[in-house]
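Notes for the one structure printed next.
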Amino acid sequence: MLAQQQIDDFERNGYLVVDELISIDQVLEPLKAEYTDRLRTLCRRWSHEKRMPLAAASGDFSQMIMAAVDAGIDYFQPLDISLPPGAIQAHTPFHAGPAVFDLLTHAPLLDAVESLIGPELTSNPIQHVRVKPPLKSLMGAEVRPHIVATDWHQDRGVTLEEADDSRMVTVWVAVTEATEHNGCLQVIPGSHKNPMLPHCPASGQLHIPTSEFNDSDAVALPVPAGGAVLFHPHTIHGSLSNHSEAIRWSFDLRYNVTGDSTGREFFPSFIARSRSAPETEMRSAHTWRQMWEDARATLADDTPVKIHRWEGEAEVCA
Ligand SMILES: O=C(O)CCC(=O)C(=O)O
Ligand SMILES: [Fe+2]
């Protein structure tokens, strides 16, 4: 559990950095191994399709990512731990492996979240992997916040209205060390005391215009591998560009109080912790993956999925 001082810091600043939260041996190493296998399978397929050289499939994780970047292949969605917004097909790829489930249900992580929003916790389906290559290796056209720097926003802005009162925490986990140089998070301390601010959908990302807050208050949050940043849904945050020579890899996970809306009810959530009814906790990685597969089957070829409310009509977006 968090110490009272950490809880006080979170309440005052709207975020908390915990340098050692995730077990490297029990969680991060198996997660990296699972991702390496997954990406190797993808690279073999891409090379079979003549989209990349076969040799690319024998590299390590980072080399395979760089080979995909060089080949102009979009590796993001097949590695992500959520389905995408927009049109979903019967075979839209995603990754919901057992090592990801072990991260989502890692006891020290749930303990920290429990310290902030109490003992009845639902794993919220707004969850992503971000594997960000060196900026200089990318074509200028890439704008997605899963690949390049993330613009200023509040996580409340990436849910639908139905979750505006949900008690929620974001847990951002560093798989590789995150530094100012390779694109760590940055936050505006104390900004969680704001209401939700207008978000503008421009240039491929949602952003809060800098007329709405003081971006000179920004604080960068370097975190070692296995560390995490916890933050409030109204905390204004974004991330820096990866100016290093190596990939920068993180997961961002969210938890809400069970019974509150997740903000994406068409994607599956599950009870990650319940002190009052422990038998309701999800224990099966297989069932979790099946829930995502079922959601995909239901949504396939249906109305495209909408994940936020912003149409760019706010005056501040002009
Ligand atoms: O890692 C990033 O670039 C941004 C992450 C983010 O916005 C989040 O975790 O909510
Ligand atoms: Fe965010």
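The values are calculated or read from the model by the stated rules, or taken from the named source; none is laboratory data. Keep in mind that this is a model prediction, so the values were computed, not measured. Every residue, glycine as well, gets a Cβ built from its backbone with ideal geometry; the counts of neighbours run over all protein chains shown. The area values use the complete protein model at the heavy-atom level, side chains included, leaving out ligands, DNA and RNA. Shrake-Rupley method; radii C 1.70, N 1.55, O 1.52, S 1.80 Å.
Things to note:
- Other residues whose C-beta falls under 15 angstrom from the C-beta of Phe270 contribute a net charge of -3, scoring Lys and Arg +1 and Asp and Glu -1.
- Size of charge dipole - the chain - debye, nearest 20, with Cβ of Lys, Arg +1 and Asp, Glu -1, no other charges: 900
- The chain - percent relative contact order, Cα under 8 Å, separation 6 or more: 28
- Loop trypsin sites (Lys or Arg not before Pro), the stretch 35-64, which have at most 16 other Cβ atoms in a 10 Å radius of their Cβ (DSSP): Lys50, Arg51
- Pro209 sits among other residues whose Cβ lies under 11 Å from its own Cβ, and their net charge, with Lys and Arg +1 and Asp and Glu -1, is -4.
- Shape of the stretch 218-318, Cα gyration tensor, a/c cut at 1.5: oblate
- Gained length - Val257 relative to Ala33, 0.36 nm times residue gap less alpha-carbon distance: 77.5 nm
- Surface accessible to a 1.4 Å probe, per residue, for the residues of the stretch 117-166, Å²: 35
- Gyration tensor analysis over the Cα atoms of the stretch 88-211 returns equivalent ellipsoid semi-axes of 24, 21, 17 Å (largest first, whole Å).
- Model label sites at Leu138 and Ala87, defined 7 Å from Cα along the beta-carbon direction, differ in position by 2.5 nm.
- Accessible area (Å², per residue) of the stretch 252-305, counting only protein heavy atoms and a probe of 1.4 Å: 48
- Over the stretch 242-282, all Cα pairs binned in 5 Å intervals from 0 give whole-percent P(r) values of 5, 17, 19, 17, 12, 7, 8, 9, 4, 1, listed from short to long.
- Legend: distances between Cα atoms for Lys32/Lys306; Lys193/Lys306; Lys136/Lys193; pairs beyond 29 Å are Lys32/Lys306; Lys136/Lys193.
- The stretch 1-100: GluC sites (Glu not before Pro) in DSSP coil with no more than 10 other Cβ atoms inside 10 Å: Glu49
- Here the dipole of the stretch 208-261 is about 180 debye; that uses its Cα centre as origin and unit charges on the Cβ of Lys and Arg (positive) and Asp and Glu (negative).
- In order along the stretch 4-16, the Karplus-derived 3J(HN,Hα) couplings, from 6.51 cos²θ - 1.76 cosθ + 1.60 at θ = phi - 60°, round to 4, 4, 5, 5, 4, 4, 4, 5, 6, 9, x, 7, 8 Hz, and Gly and Pro are given as x.
- Residue list for the stretch 83-107, given a label point 7 angstrom along the Cα-to-Cβ vector of His286 and an amide N cut-off under 13 Å: 98
- The ratio of the alpha-carbon radius of gyration of the chain to the globular-protein estimate 2.2 N^0.38 Å is 0.96.
- Computed Rg/Rh of the stretch 129-282, alpha carbon atoms with Kirkwood Rh: 0.98
- Positive-end ranking of Leu135, Gln205, Pro189 along the dipole of the stretch 110-251, with charges on Cβ about the Cα centre, is headed by Leu135.
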